[in-house]
Amino acid sequence: MKNVVSIFAGHDSNVTFYNSKTGSYHVIELERLVKKRYFRLHVDNTPDEIVDILTQCQEIAEKYWGIENDYSAVLIVTDGWLEPELLERVFNTDHVWRYAQHHHAHAAGAFYMSPFDESLIISYDGGGDDGHFNIYTGGQNGVQLVESVESDFGGGYLLCGSTIREITEKSRNPLAIAGKLMGLCAYGSPKEEWVQSFSNIFFDRNYKKLSEETNLNFKNADAPWNNPLDNWSYEGEPAYDIAATAQEAFKRSFFDVIDKYMKQFPDLPVCITGGAGLNVLVNEEMKRRYDREIYIPPNPNDCGLSVGNLFLYTRPSKSVDVTYNGLPLLDRDKLDEYVVEREARKTTTAEIASLIKDGKIIGLVYGDSEVGPRALGNRSIVCDPSILDMKDILNSKVKFREWYRPFAPFCKKEDASTYFDSPTFDNLEYMSYAPLVKEEYKEKLPSVTHVDGSSRLQTVTEESHKGFYDLLTEFGKLSDTNVLINTSFNIRGYPILSTIEDALHVLDNTEIDYVVVEDYIFSKNVFSKGLE
Ligand SMILES: [Fe+2]
């Protein structure tokens, strides 16, 4: 087989390259290349712009991963279609194929990254060209559809969130709503009398009926999809109860649907994927409810579609890990220049740990980016969660985001049961679950303990992320609590960053104290120092 390239061109567009010489896969999430969150390649760009962006992708693939422009096929995820003529202008190939459908690609992405030879696969989200909630099995015969359940968990959840001021006010894209709703719901209480009506919206998508049944006065009840960011009509406690009820209804509806398949396939481990697979509260409940191995990939939302589409073509015979096979650091060539210009110096893991212990906030940049929406160590900001006001400093002076959004901790896998309570500590490398912080550590770890006592933990091992593991080893020598905060390294309003230039921009324009690129540490520039 020659090289293969796979493309998803809808929102969260992404391109995956298969290098036939090395057998490796590399994923470019286009939002990080063009610096526009949730970037859509197909409908928001002219043909020439599409060609230009894909040409940049090919240049990156050749320069950083040695992938020559010689492809046995270009595979398109079917609901992100691009004209073959455009693709033939960029890639040398005789075959441009509409290949897998949306959820089939999601399912394959999860299954071939999972450690399982055989698995039940649940894929659910706001919809693709083959449904909204599909059940598959994965095994030697590939990924086979079991059933498609009529529903719209992604869309229904988004609409519930759109009714709330604290969620929509600062959002620039409706796709930001779901993650914020998940954070805010901990501040309210589910109203039992509303739960059934909220559950219905995940199946009938009838927003107006929900408004009428609950006597909630939703704005734009007849046409909520025109602009979900304009729908809000509730704020404060009543809004938090709406959020909590939506989450409770989402959870119950999910288990109502999947219970049948869990019974039908009692011996199979389970993969969960699709954008709704980012709901960490449901994922945690899944672990508590079923005594079953579960795998959720780092990229369950649409940013993982091109790699899943490609797996259906290459049919890997063993598990493929693409977690840290994302976009390279695009100005890595200029590191030496930046080091001289900014008087950066070499640092050590011990020094970084010591600075963190002193309360400093540090941006870390290593190697190729992680895939998926969470920073997992290669484009991360880290600091000490035992510092009482660290959450508010990060929210107001570094990340500039809403007060209610929690920060995620990371710790060594072998230490996780000391600080956190969960049925198992497997598959926690990607922040996909919400274990509870143990009672005796809630006060010691205030910045990562959400108001409901949960925490979106990332566990690390030497294999999963050696840099983070070594940092914890050093930090553990200085601190009683060997847990750190990990939040994504980005410029305000932009995706996870991909250049040293952007990392230094954040350093000079926020309360972050240092940036470490590989083993060099950068301080704020002279002008910023004068302000200190
Ligand atoms: Fe999706």
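The values are calculated or read from the model by the stated rules, or taken from the named source; none is laboratory data. These numbers come from a predicted model, not from an experiment. In this analysis, Cβ positions are derived from the backbone assuming ideal geometry, glycine residues included, and neighbour counts consider all displayed protein chains.
General observations
- Test: Ser386 is more than 16 Å from the ligand (Cβ to nearest atom), modelled with pLDDT under 95, at negative phi and of a type in the set (Ser, Thr, Tyr): yes
- Counting only strands (runs of 3 or more DSSP E) that fall entirely inside segment 1-113 and contain at least 2 residues that are in contact (Cβ under 8 Å) with a residue 24 or more places away in the chain, the qualifying elements are 3-8, 14-19, 24-29, 71-76.
- Filter result for Ser189 (under 19 Å from Val282 (Cα atoms), within 16 Å of the ligand (Cβ to nearest atom) and of a type outside the set (A, V, I, L, M, F, W, C)): no
- Checklist (1) of a type outside the set (Phe, Trp, Tyr); (2) within 12 Å of the ligand (Cβ to nearest atom); (3) within 19 Å of the chain's Cα centre (by Cα) applied to Ser114, failing item: (2)
- The number of residues in segment 463-494 being in a loop (DSSP other than H, G, I, E, B), touching a residue at least 12 places away in the same chain (Cβ under 8 Å) and under 29 Å from Ala416 (Cα atoms) comes to 10.
- Set Ser354, Ser396: member being of a type in the set (Gly, Ala, Ser), part of a helix (DSSP H, G or I), surrounded by fewer than 16 Cβ atoms within 10 Å (Cβ to Cβ) and at pLDDT 95 or above: Ser354
- Scanning segment 257-275 for residues that are within 11 Å of the chain's Cα centre (by Cα) and either away from the ligand (no atom under 16 Å from the Cβ) or aliphatic (A, V, I, L, M) (or both) returns no hits.
- Residues in segment 85-111 that are within 16 Å of the ligand (Cβ to nearest atom) and not small (Gly, Ala, Ser): Tyr99, Gln101, His102, His103, His104, His106, Phe111.
- Residue match in segment 413-430 (condition: surrounded by 18 or more Cβ atoms within 10 Å (Cβ to Cβ), within 21 Å of the chain's Cα centre (by Cα) and not in a loop (DSSP other than H, G, I, E, B)): yes
- Residue match in segment 414-422 (condition: touching a residue at least 24 places away in the same chain (Cβ under 8 Å) and closer than 21 Å to Leu181 by Cα): no
- Restricting attention to segment 129-170, the residues being within 16 Å of the ligand (Cβ to nearest atom) and either among the β-branched types (Val, Ile, Thr) or modelled with pLDDT under 95 (or both) number 3.
- Set Asn220, Asn279: member being of a type outside the set (D, E, K, R) and away from the ligand (no atom under 16 Å from the Cβ): Asn220
- Helices (runs of 4 or more DSSP H) contained in segment 148-226 and holding at least 1 residues in contact (Cβ under 8 Å) with a residue 60 or more places away in the chain, aromatic (Phe, Trp, Tyr) and closer than 28 Å to Ser455 by Cα: 153-162
- Matching residues in segment 315-338 - criterion: being among the small types (Gly, Ala, Ser) and surrounded by fewer than 15 Cβ atoms within 10 Å (Cβ to Cβ): Ser317, Ser319
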